[in-house]
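A.B. asks: Have a look at the structure that comes next, please.
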Amino acid sequence: MFTGIVEELGEVAYLTDAGGDSAVLAVRGPLVTTDARHGDSIAVNGVCLTVIDNVDGMFTADVMGETLRRSSLGVLRPGSAVNLERRPRSAAGSAATSCRDMSMASRR
C-alpha cells in the first residue's frame, strides 16, 4: 500500500508503444530510484507500476493499454512532470505490498 505522500517530482523520459496494447514508460526520479530494484513498486501520478529496470536515476515500467486509457498516464509526453512515491518498507526492510500482489487480489 502507498501513503499518498509524494516523495519526488519526476520527469517522463519517454513513453513508447511496446505492441500488444502496452507501452514502456521511462521516468527520471533520482530519489525514488536510489534503492529501487526489478519488481519493486513505484506510484506514478497515483498509478502503481512495477519497476522493470533502474539505471542512472531513471526507471522503466510496462504499462498496459487499459491503464493508459483509464488514467492520466495516457497523456504523458517526454518532459511531463509526474508525482512519484515508493511504497513503504516493512520493519524487516522489504517492500510491503507489490502492484502485482494488489492486482492479483483484485481479481479474486
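Here, each number is a calculation from the coordinates, and none is a lab measurement. Quick caveat: nothing in here was measured; it's all calculated off a predicted structure. Every residue, glycine among them, receives a Cβ derived from its backbone with ideal geometry; neighbour counts consider all protein chains shown.
A.B. asks: May I ask for the net charge around Val32, where only other residues with Cβ less than 11 Å from the Cβ of Val32 are counted and Lys, Arg are +1 while Asp, Glu are -1?
C.D. replies: -2
A.B. asks: Okay, moving on. From the phi of every residue in region 28-41, what ³J(HN,Hα) in whole Hz does the Karplus formula 6.51 cos²θ - 1.76 cosθ + 1.60 yield, where θ is phi - 60° and glycine or proline is x?
C.D. replies: Along region 28-41, the couplings run 8, x, x, 6, 6, 8, 4, 10, 6, 10, 3, x, 6, 10 Hz.
A.B. asks: Suppose each label sits 7 Å from its Cα in the direction of the beta carbon; what would the Arg37-Arg69 distance come out to in nanometres?
C.D. replies: Inter-label distance under the simple model: 3.6 nm.
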